[in-house]
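Participant: Structure below; questions to follow.
The values are calculated or read from the model by the stated rules, or taken from the named source; none is laboratory data. Predicted, not measured: the structure shown is a model, and the values here were computed from it. So basically every Cβ, Gly included, is an ideal-geometry build from the backbone, and we count neighbours across all protein chains shown. SASA here: full protein model, heavy atoms, side chains in, ligands and nucleic acids out. Shrake-Rupley method; radii C 1.70, N 1.55, O 1.52, S 1.80 Å.
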Amino acid sequence: MENNKKIFIIIPAWNEEKNISSVLDELTTQYENIVVINDSSTDKTSEIVKKYPVVLLEHIINRDQGASLQTGNDYALKNGADIIVHFDADGQFLVNEIKDLINPIMNGDYDIVFGSRFMEKQSEIPWSKKNIIFPLARIVNKIMFGIKTTDPQSGFRAMTRESAEKIKIEHDRKAHCSEILHKAFKYKLKIKEVPMTVIYNRFGQNFSGGITIVKDLIIKKIFR
Amino acid sequence: MTILKIIITIFLVFAVLNLIKQLKKSRISRAGFLFWFLIWVAVGIVFWRPELATQIANQFGIGRGADFVIYISIIVIFYQIFRIYSRIEKIDTNITKITRKIAINNAQDKRENNINN
């Protein structure tokens, strides 16, 4: 499966004691290099992760999802990753769909591949997300960054080493989705979207979460 | 007005003394000291010689000294908010960098192919 390319799966985790076991049970049977970033969880996430043959990085202070992903990227790059995959700790993505993201990179056709909830496979997306939040997110991406993709907030992605070296995630919180998309376009990377399935449990942004993302994007634009 | 003048004067004396203390302890730059010193002196002038503020206001085409003071105050406050925001952003970024460095330096690697197991 790994085709002598070193694939690193990066999983940010914050208070994921209920879900992380099932994710790691499945992932560890298929991938060798799994990096979990425990973002200062207050539950037993860290103890659970320690039972698995993975790399555990402990954030001593909670820095949120974007910061955790960049910590994982830095570790993976330092340890010779060829391909980096961003995965989720709460079981919303399917392990067997990782190959759909890395295959286009393995074939040498693309630099970065995003999973999209809006292509052939149909995720059961809540009505408010599908009809209000995502259309608004698309507009924000289009206005602020000139980006047009089917899924404006995709957190399931794979990228080459070179792409990860270029894309430094500076948004510590949840705005990393828009940021990575923006930088992928900015650096003129070869981008592909592939269909993905998302299992919605307690995942994602509600409307106020969306507002926070827009606020973070604007503040970073002003102060950077 | 006299009571207010006394209260403001006491406050200003304390503010300037505190400012000198901060400068002596090198907690504030010389430029920062000068900036705040001028602000407090300006506040003192406005309270003790309001007609002076009116004269300055007139130079800028503003009728009343009090209005002039409010406009300037708003500009100064906004500028300070901007600076504080920008500083917080910088501190936030630095905290992330430190947290990241500690996390990577103390990586707990239990992979089967890891020779350090």
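Participant: With a 1.4 Å probe, how much accessible area is buried between chains A and B, both sides summed, in Å² to the nearest hundred?
Facilitator: So the total buried area for this chain pair works out to about 2200 Å².
Participant: Here is a follow-up. Could you work out the longest stretch of chain A that avoids the GluC sites (Glu not before Pro) located in DSSP loops with at most 12 other Cβ atoms within 10 Å?
Facilitator: Details: sites that count: A:Glu120, A:Glu124.
With GluC sites (Glu not before Pro) excluded where exposed in loops, chain A gives A:1-119 as its longest stretch.
Participant: Give, as a single signed number, the net charge of other residues whose beta carbon lies under 9 Å from the beta carbon of A:Gly115, with Lys and Arg counted +1 and Asp and Glu -1. Before the final figure, lay out the partial values.
Facilitator: Details: positive: A:Arg117, A:Arg157; negative: A:Glu97, A:Asp100, A:Asp151, A:Glu193.
Counting the neighbours of A:Gly115, the net charge comes to -2.
Participant: Applying 1/(1 + (r/R0)^6) with R0 = 22 Å to the Cβ-Cβ distance of B:Phe35 and A:Ile218, what FRET efficiency is obtained, to the nearest 0.05? Write down the numbers at each step before the final one.
Facilitator: Working: r = 28 Å, r/R0 = 1.27.
Computed FRET efficiency for B:Phe35 and A:Ile218: 0.20.
Participant: Could I ask something else about it? Where Lys and Arg each count +1 and Asp and Glu each count -1, what net charge lies around B:Ala107 among other residues with Cβ under 12 Å from its Cβ?
Facilitator: Details: positive: A:Lys78, B:Arg100, B:Lys101, B:Lys110, B:Arg111; negative: A:Glu58, A:Asp74, B:Asp109.
Taking every Cβ under 12 Å from that of B:Ala107, the sum is +2.
Participant: Next question. With chain A treated as a Gaussian network of Cα nodes joined by springs under 10 Å, which of A:Pro152, A:Pro126, A:Pro53 yields the largest mean-square fluctuation?
Facilitator: A:Pro126
Participant: Same structure, new question: Within the set of other residues whose C-beta is less than 15 Å from the C-beta of B:Asn18, count the net charge using Lys and Arg as +1 and Asp and Glu as -1. Don't jump to the answer; show the numbers that get you there.
Facilitator: Details: positive: B:Lys21, B:Lys24, B:Lys25, B:Arg27; negative: none.
So the surrounding residues net to +4.
Participant: Rounded to the nearest 0.05, what FRET efficiency do A:Thr150 and B:Thr2 have when you use their Cβ-Cβ distance and R0 = 56 Å?
Facilitator: Numbers: r = 71 Å, r/R0 = 1.26.
Efficiency computed from Cβ-Cβ geometry: 0.20.
Participant: In addition: Which trypsin sites (Lys or Arg not before Pro) does the range A:45-114 hold that lie in a coil by DSSP with at most 14 other beta carbons within 10 Å? Walk me through the numbers on the way to the answer.
Facilitator: Numbers: sites: A:Lys50, A:Lys51, A:Arg63, A:Lys78, A:Lys99; in loops: A:Lys50, A:Lys51, A:Arg63.
Of the trypsin sites (Lys or Arg not before Pro), the ones in loops of the range A:45-114 whose Cβ has at most 14 other Cβ atoms within 10 Å are A:Lys50, A:Lys51.
Participant: What chymotrypsin sites (Phe, Trp or Tyr not before Pro) does the range A:148-205 have in DSSP loop regions with at most 15 other beta carbons within 10 Å? Mind dumping the intermediate values first?
Facilitator: Values: sites: A:Phe156, A:Phe185, A:Tyr187, A:Tyr200, A:Phe203; in loops: A:Phe156, A:Tyr187, A:Tyr200, A:Phe203.
Taking the range A:148-205 and a limit of 15 other Cβ atoms within 10 Å, the loop chymotrypsin sites (Phe, Trp or Tyr not before Pro) found are A:Tyr187, A:Tyr200, A:Phe203.
Participant: So how far apart, in nm, are the two label points at B:Lys24 and A:Lys190 if each is 7 Å from Cα heading toward Cβ?
Facilitator: Spacing of the two 7 Å Cα→Cβ label points: 6.9 nm.
Participant: Using a Förster distance of 35 angstrom, determine the FRET efficiency expected from the C-beta separation of B:Asn94 and A:Asp43, and round it to 0.05. Walk me through the numbers on the way to the answer.
Facilitator: Values: r = 28 Å, r/R0 = 0.79.
So, using R0 = 35 Å, E works out to roughly 0.80.
Participant: Can you list the residues of the range A:58-94 whose accessible area drops by at least 20 Å² going from the chain on its own to the full set of protein chains, with a 1.4 Å probe?
Facilitator: Output list: A:Glu58, A:His59, A:Ile60, A:Ile61, A:Arg63, A:Thr71, A:Asp74, A:Tyr75, A:Lys78.
Participant: Check every DSSP H run in chain B and write down those whose alpha carbon atoms cover 30 angstrom or more along the long axis and whose mean Kyte-Doolittle hydropathy is 1.6 or greater.
Facilitator: The answer, listed by residue number, is B:2-24.
Participant: Divide by every residue of the protein assembly as shown the summed helix terms, -39500 (n - 2.57) for each DSSP H run of at least 4, and state the resulting mean residue ellipticity at 222 nm, rounded to the nearest 500 deg cm²/dmol.
Facilitator: Numbers: 12 runs with 179 residues, N = 341.
Rounded to the nearest 500, it is -17000 deg cm²/dmol.
Participant: Something else now. Using the Cα gyration tensor of chain A, with a ≥ b ≥ c the square roots of its eigenvalues, what is the shape: rounded (a/c below 1.5), prolate (a/b larger than b/c) or oblate (neither)?
Facilitator: Values: a/c = 1.34, a/b = 1.19, b/c = 1.13.
Verdict is rounded for chain A.
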